Each structure stands twice: as C-alpha cells, then as structure tokens.
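**Student:** Sharing a structure here in structure tokens format.
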Amino acid sequence: MKNSLLLLISFLLLASFKPQDKGSMGAKINSLLTKMTLQEKIGQMNQLNEWNNSAEMEQTIRSGSVGSFLNIVDAKKSNELQRIAVEETRLGIPLIFARDVIHGFKTIFPIPLGQAATWNPQLAENGARVAAMEASAAGIKWTFAPMIDITRDPRWGRIAESCGEDTYLTSVFGAAMVKGFQGDNLSAPTSIAACAKHFAGYGATESGKDYNTTWIPEVQLRDVYLPSFKAASEAGVASFMCSFNDINGIPSSANVHLNKDILRKEWGYNGVLVSDWGSIQQMISHGVCTDLKNAAKMGVEAGVDVDMMSFAYTNHLESLVKSGEVSIKTVNAIVRNILRLKMRLGLFENPYVKEQNPMPYYTQESLQKAKQAAIEGAILLKNDNNLLPLTTATKKLAIIGPLSDSQADQLGTWCFDAEPEHSVTPLKAIQQLVGNEVSIIAEKGLTYSRDKNQQGIEKAVDAAKSADVVLVFVGEEAIISGEARCRADINLPGAQSELIAALKATGKPLVMVVMAGRPLTIGTELNNADAVLYAFHGGTMAGPALADLIFGKAVPSGKLPVTIPRMVGQIPIYYAHKMTGRPAQNIDLIDSIPVGATQTSIGFTSYYLDAGDSPLFHFGYGLSYSSFSYSDVSLSSNKLQDGKTITVSCNITNTGKYDAEEVAQLYIRDLVASLARPVRELKDFRKIHLKAGETKTVSFMLNNEQLAFYNANLVKRTEPGDFQVWISTDSQSGKPATFRKI
Ligand code: GLC
C-alpha cells in the first residue's frame, strides 16, 4: 500500500513540475522534491519557537517535522540542532534559525523611526549590516525586518518600528535595510535573509489600536501601502511576512488577492511568505474560519508558505491533501519557495555557523556607526536665542529627567538581544565629554517616564536653580512603545509635564530632549523649553550622540519622518493629505469666538475649533544650528512628455556660521486629475553637506513614472495636466514651479 501511495505521489509530482527553478538550483529543488514525502514537505512549512523540552525538540527535528526555528540565538545550540537535521534526518534538509533583529542585535541603532529621521539611507544600510554581522555570528540566518508599514497614527505603538508616514521615504529606507541585512551574496556567512513586513496595510489599523481592522480602498492600498513592499521585492528581499490585520474583512493570511494576484503574479515574487506569529490560527478569531483545519486550508490556498506557531499545517495539512481538499501541487509550489530560500542562503553547503570567541559584538566601528545614526536621527525642533550648542562657558549644568540615565529605555522596543549595560546614557556621555570643564548636577526628578510621584521634582528644581543651564531628558520608557503598546493619549506620560513646568519656573535656560517611540503631543512643554531636540529612542550610543549635538561637536540634521500632532484628536494627520472642497481658511479658534455668536458668523471650512488645521510640526521639518536659503526652482522644461524627464534644480546656500547638512526634498502636486490628489507628495530627497557660506546647486530628475497614480479603474498612469514642483526644506515650505504633463 505504502509503495503504491509513494508511487502515486511521485507520479503526481512529475505531473506538477513547472520549470520555475531553472539551472542547478532548480535541478536540486526538483530532485529533492521528488524524494520528499508529504510529511517531510509539511515539516518544511512548520516554524516553531524553541520550547523547554530538548528531547522533544530534537525528535521533532529528527522526524523532519520542522523547517525553521525562531528565537534560538546561540551558535553552539543551533549547530547541535542543525547537526540533527543534516545528519539524522532522511534527506538532511538544513534548518533556518530566525530572530527579530529590527534595529540591532547587540549594538543597538536608533529605532527605525529614528533611522528614517536621518534621511540618510546609507546609515540604515550600515545598521542592518552591523545587525546581520552580529546576529549571524549567533547562528541567525533570517531576520523579520525591515518593517515597512506606512503609518499616520502615532497612537499605534508599532510606529516605532516603521519608517514613518511617507511611502517614498519608507520605500528607500526599506530597500536600504534589505541590502544591509542580505549583503551582496545571501549565502555569505554574515548575510541573513530579510523579511518585508507586515504585508499589508497594518499601519492603517483603525483607531491606532494594534491588530485592529483596516479599511483600505484598493487605489489607496496600491498608492500608499504597497509601494514600499514592491520596492523591497525589487531589492531582492528574501521573504515577506503576513500582517495580522484584515483588509476590508479579509485577514492577510487568507488574502489570495494580496498574496497571489499581487505578490506572486503581478510582482513575480518567488521568495518565502511566512505567517505572523499565530496569524493563521487567529483567522478563527477573525471569524473567517471555523477551526484550525479550515484555517490551514485557507492559509495554504492564500500562498502562506510557512506557518509560524499556529500548528495548523503540521496538524491538518496531511489530511487535507489526502482528502483532496488541498492539491499536492499547491504544497509543492510552497515547498519550492522554502527550499529555494535555504539554497539561496547556502545552507545545504554550509549549514553550520562558526562558533566564535570572542563574538564580533560592539566593535568600535559598529558603535561609531550607531552613534552616527543617532546623531543624524535627532531633530532640532526649537532653538530660541541659539541657546544650543552649549559651550564650556556654561560652568554648571543640571541634568534632569527620567530618560537622562536609563540604559534600557533609550534602546527602545524590539531589541531582544541588547545588553543595556552597554548603553551609554546622556548623563554619562556628557560627564565624559565635558565633565572636566563643566560642573554637572544630576537629579532625575521622576524615577521613570510614567512616574506620577512628584516628590522628586523639588530636588530637581533646586538643582536647576543652582545651574547655568538645565537639560531635561523626557519621553517614553521602552515598554510603552512597540507591538501592542498603543496609547490613546500621546502626551508625555507621568508627571513629566509638571517637571518641565517646574524647571521652566526657575527661569533658567531650558533644553528639552525627547526620547520616545512615537511623536508625542508636546505643545505645552515646547512652550516651556527654550530649545528642543527630538531624538526618538536612539540606541546604545544615544548618549554620546546627544552629547555631541548639545555641545556642538555635531550639528543637527534630522528631519521628521512623521507629523507631530498638536492634539491626539487630529489623528490621522499627515502632510500628503487631500485639499478637500473647503480647505481651512479664516480660522476662528474656539476661544476667539464671541459669546452669542450666530451660526453663520464664523466660517465653514475644514479645521478644528480647538486645534486649527495644522500640526505642531510637519513632515520633513527639522532645524540646524546653521540656516539655509533656497533659490527659486528652475526647470529644464515646463513640459513633460511620455518617456522624457525634466530636471528640477535650485541653489541652496548655507547662510549660517556652522558647516552643516541639509535635506533637500522634492515634492510634486498633481493639480487636477481624475481622482483628488495629495497637496504634496515626496518624490526624491538628497542630504547635502554645505560649509558655512557655501552654495550648491541641487538637481533632481523627474519622469513620467514618478507622477503616476492608480485611477478609479486601478490603472496606474500619469494623467495630462499641470503639476507643481518644489525643492524645499520641509513639506510646507518653498515656492513651487509649474510644469505641464502633455
Ligand atoms: C510578532 C510580530 C512580528 C514578529 C513575529 C515574531 O507578533 O508581529 O513582527 O516578527 O511576531 O516575533
């Protein structure tokens, strides 16, 4: 019986051959596939987290019932398990060991939102390269990063892991991170497979609450949420991960249109699609599946290759195939993707990791790269009277706040393998930098960011009174940022606002540094501080980076990758919004309306009576210690024909006294189209270095493709008509030039 079954399955296999994999890799995959039993194929589709029964784990491997593990981060241990897979299983197919290495493994870089704030993708590539070099030494060959969900809602804790609100900026940074993780050769010892996640639309989660539903019209899905994933696919990302959310009622783990029509057919993607943790099983909770067997069927039919921790495939796929409910061809296509990934990683030739001692962690080069990213990711929001940079003429400095000396919190979310003892905090870094020349008094005032106990504020105020300048480090603990860490109120938590008000009352010059996992509604505190640096969670070297910025060894160059709202009630608020039929004008704010005003005595346009229509700070905004002037934009032509490009240029002058970096941003607006278009869309950017007084001409090429959008019939095209174009220092500034697409 068994032989005839094997014969039948082999025959079906031969019938299911598609010359998808050509060449030697294809031959190897085909050869292996013909030898594999159904159980062995299903084993490859099973991804497990380590559990505390080694004997059972080893037997699971030995029986070929698992294809990859996540969260085993020890070279020796992964080699031991790998040896069982390679030497004690029937076909010796190696395992992959995976881990979330989101913004560093041991050397922690700024959270991805902070990396995006650098507008320097090379720094993000560097960070991913350092992460890959460190993680691969521990046996990791697959990371679940970059997270390239677009989000316009800072209530969502996972905004920390994202590159912010803009499709183009996220596309550029996601591709850079893929390159950093995967290197030039995925089979190299320090290369690890990257994973574009979460596919798709997760950042549109309703009300900013994690795992919530999303309602995304397909034109918006294709214009806003998918391009960063397409860019990652084109960058050669080795895998994708399903998102937890449903899009318009269809969970991504069951979304045939997303995972097959778009990812596989339209984009021709042939990497691995892994579920998110339990996301196949969670389709029961979504209410689209009756039970785990039904979920297994829907997942495999939606092209989810690997089941992370739902146990759906391992428990039900064999019976589904034997009953004919799932075709063996479907399983074979999936297993091909998995074998292809393992071959691209070179695991068949080199399944083991070199066990090093010492491990290549925290090298000076890595730490320097992390520091540079933290320097360039800090955004100067305010600098009244040029208070910053400080000099050692400041004889006494008070360093205050719950984030001034918190090694763990400055690392931010998603840094499982970090060692906080390696973090250099702002207090320690400033002491190291200027402690010999400046007297420093440190009083936290609050012991942690959520601390409501104000008893420590008095001592902080006394410290401030004794100092020439006060530095206060505030923000969020790491634990209130990241997955499932959503906040309906995004003010500074705890009594931080009261602390800042008390420091303000001393009359001392006050510098506020915010270290958070999201934009916070800091309007009140902004008024109380003379200077404000927004640093997000800056990683291992956040302290030295901030010390260099505060004392002028570095000049701020960060720009906001996300809008900072005035009030949480404005959310979603983002720069690339539509004009609407009644754009805000003649704004009458609530406190200015006369008592007894009649219904028609104030306007009827789009704004909030209690917040107006603008954010606290807009996308792309960031100051420098220097200043820059932009000339009018010039165009090589005021007409753009199909297949042609126009050159858009302007001169940028550093009009200040510091050599500095500036991020020139290229925006367009399609003035009239078949669908209302955003008032601005970022299409390119360039970070340039300008010496004090220097002028440089910055030019961008603009082509037809960059202007295209999906129309109501889901056709992507550029429509004839007039466009505006800016080269500006942020998403609100500058004077546009106009050209016509003909
Ligand atoms: C988590 C996250 C995902 C991560 C996975 C494995 O729930 O949603 O981003 O890669 O599980 O840890």
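**Student:** Do we have any residue at all in the range 587-609 that's of a type in the set (Phe, Trp, Tyr), over 30 Å from GLY558 (Cβ atoms) and at pLDDT 95 or above?
**Tutor:** yes
**Student:** Inspect all residues belonging to the range 302-314 and state whether any of them is assigned to a helix (DSSP H, G or I), in contact with a Lys or Arg (Cβ under 9 Å, 6 or more places away or on another chain) and either closer than 25 Å to GLY249 by Cβ or within 16 Å of the ligand (Cβ to nearest atom) (or both).
**Tutor:** Yes; the residues of the range 302-314 include at least one that is assigned to a helix (DSSP H, G or I), in contact with a Lys or Arg (Cβ under 9 Å, 6 or more places away or on another chain) and either closer than 25 Å to GLY249 by Cβ or within 16 Å of the ligand (Cβ to nearest atom) (or both).
**Student:** So, in the range 171-216, of the ones that are part of a loop (DSSP other than H, G, I, E, B) and among the polar types (S, T, N, Q), which residue ends up nearest to the ligand (Cβ to nearest atom)?
**Tutor:** THR205
**Student:** Taking the range 141-170 only, how many residues are more than 13 Å from the ligand (Cβ to nearest atom), surrounded by 24 or more Cβ atoms within 10 Å (Cβ to Cβ) and in a helix (DSSP H, G or I)?
**Tutor:** Number satisfying all stated conditions: 3.
**Student:** Follow-up. In the range 451-484, how many are under 30 Å from SER243 (Cβ atoms) and surrounded by fewer than 19 Cβ atoms within 10 Å (Cβ to Cβ)?
**Tutor:** Number satisfying all stated conditions: 3.
**Student:** Would a scan of the range 344-362 turn up a residue that is outside any loop (DSSP other than H, G, I, E, B), open to solvent by 30 Å² or more (accessible area, probe 1.4 Å) and at pLDDT 95 or above? Full working, then the answer.
**Tutor:** Let us first name the residues in the range 344-362 that are outside any loop (DSSP other than H, G, I, E, B), namely 344.
Within this subset, residues satisfying the condition of being open to solvent by 30 Å² or more (accessible area, probe 1.4 Å) are 344.
From what is left, the residues that are at pLDDT 95 or above are 344.
Yes: the range 344-362 contains one or more residues that are outside any loop (DSSP other than H, G, I, E, B), open to solvent by 30 Å² or more (accessible area, probe 1.4 Å) and at pLDDT 95 or above.
**Student:** Can I ask one more? Which residue, of ASP588, ASP610, is open to solvent by 60 Å² or more (accessible area, probe 1.4 Å), within 29 Å of SER207 (Cβ to Cβ) and assigned to a loop (DSSP other than H, G, I, E, B)?
**Tutor:** Only one candidate passes the filter, namely ASP610.
**Student:** Give the range 474-516 a look and list any residue that's in contact (Cβ under 8 Å) with a residue 60 or more places away in the chain, over 19 Å from the mean Cα position of the chain (by Cα) and over 23 Å from ILE379 (Cα atoms), or say none.
**Tutor:** ALA488, GLY494 - these are the residues of the range 474-516 that are in contact (Cβ under 8 Å) with a residue 60 or more places away in the chain, over 19 Å from the mean Cα position of the chain (by Cα) and over 23 Å from ILE379 (Cα atoms).
**Student:** How many of the residues in the range 306-319 are closer than 24 Å to ASN212 by Cα and either under 28 Å from the mean Cα position of the chain (by Cα) or buried (at least 20 other Cβ atoms within 10 Å of the Cβ) (or both)?
**Tutor:** Going through the range 306-319 one residue at a time, the tally reaches 6.
**Student:** Would you confirm, using the coordinates I've provided, whether VAL461 is in contact with a strand residue (DSSP E or B) (Cβ under 8 Å, 6 or more places away or on another chain) and more than 16 Å from the ligand (Cβ to nearest atom)?
**Tutor:** no
**Student:** I'm checking my understanding of the structure. Among residues of the range 530-548 that are part of a helix (DSSP H, G or I) and within 24 Å of the chain's Cα centre (by Cα), which one is nearest to CYS163 (Cα to Cα)?
**Tutor:** ALA542
**Student:** Say whether the condition of being under 30 Å from LYS395 (Cβ atoms) and not β-branched (Val, Ile, Thr) is met by at least one residue in the range 472-487.
**Tutor:** Yes: one or more hits.
**Student:** Continuing with the same structure: Looking at SER285, is it within 16 Å of the ligand (Cβ to nearest atom), farther than 22 Å from PHE229 by Cβ and in a helix (DSSP H, G or I)?
**Tutor:** So SER285 passes the test.
**Student:** While we're looking at this one, here's another question. Any idea which residue in the range 320-343 is surrounded by the fewest Cβ atoms within 10 Å (Cβ to Cβ), counting only those that are within 36 Å of the chain's Cα centre (by Cα) and among the basic types (Lys, Arg)?
**Tutor:** LYS329
**Student:** Would you check which residues across the range 427-440 are open to solvent by less than 50 Å² (accessible area, probe 1.4 Å) and outside any loop (DSSP other than H, G, I, E, B) and list them?
**Tutor:** LEU427, ALA429, ILE430, VAL434, ILE440
**Student:** Condition test on ALA393, is it hydrophobic (A, V, I, L, M, F, W, C) and assigned to a helix (DSSP H, G or I)? First the steps, then the outcome.
**Tutor:** On the way: hydrophobic (A, V, I, L, M, F, W, C): yes; assigned to a helix (DSSP H, G or I): no.
So ALA393 fails the test.
**Student:** From the list VAL672, VAL679, VAL648, VAL663, which residue is crowded, with 16+ Cβ neighbours inside 10 Å, β-branched (Val, Ile, Thr) and more than 21 Å from GLY164 (Cα to Cα)?
**Tutor:** VAL648
**Student:** Then there is this: Which of the following residues is open to solvent by 10 Å² or more (accessible area, probe 1.4 Å) and either among the hydrophobic types (A, V, I, L, M, F, W, C) or within 16 Å of the ligand (Cβ to nearest atom) (or both): VAL219, VAL237?
**Tutor:** VAL219
**Student:** Does the range 659-677 contain at least one residue that is touching a strand residue (DSSP E or B) at 6+ places or on another chain (Cβ under 7 Å) and of a type in the set (Ser, Thr, Tyr)?
**Tutor:** Yes, the conditions are met somewhere in the range 659-677.
**Student:** Now a separate question. Being at pLDDT 95 or above, closer than 23 Å to ASP149 by Cβ, away from the ligand (no atom under 16 Å from the Cβ) and open to solvent by 10 Å² or more (accessible area, probe 1.4 Å) narrows it down to one of ALA488, ALA501, so name that one. Outline the logic, then answer.
**Tutor:** On the way: ALA501 fails: closer than 23 Å to ASP149 by Cβ.
From the options ALA488, ALA501, the qualifying one is ALA488.
**Student:** Could you list all residues from the range 100-140 that are more than 13 Å from the ligand (Cβ to nearest atom), closer than 13 Å to VAL73 by Cα, in a loop (DSSP other than H, G, I, E, B) and open to solvent by less than 10 Å² (accessible area, probe 1.4 Å)?
**Tutor:** Matches in the range 100-140: PHE105, ALA138, GLY139.
Residues checked against (1) more than 15 Å from ASN337 (Cα to Cα); (2) of a type in the set (A, V, I, L, M); (3) surrounded by 14 or more Cβ atoms within 10 Å (Cβ to Cβ); (4) in contact (Cβ under 8 Å) with a residue 12 or more places away in the chain:
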| residue | (1), (2), (3), (4) |
| --- | --- |
| LEU33 | no, yes, yes, yes |
| LYS41 | no, no, yes, yes |
| ASN49 | yes, no, no, yes |
| SER63 | yes, no, yes, yes |
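The values are calculated or read from the model by the stated rules, or taken from the named source; none is laboratory data. Not measured: the values here are computed from a predicted model. When we count neighbours, we look across all protein chains shown, and the Cβ atoms used for this are built from the backbone with ideal geometry, even at glycine. Only protein heavy atoms, including side chains, enter the accessible area calculation; ligands, DNA and RNA are left aside. Shrake-Rupley method; radii C 1.70, N 1.55, O 1.52, S 1.80 Å.
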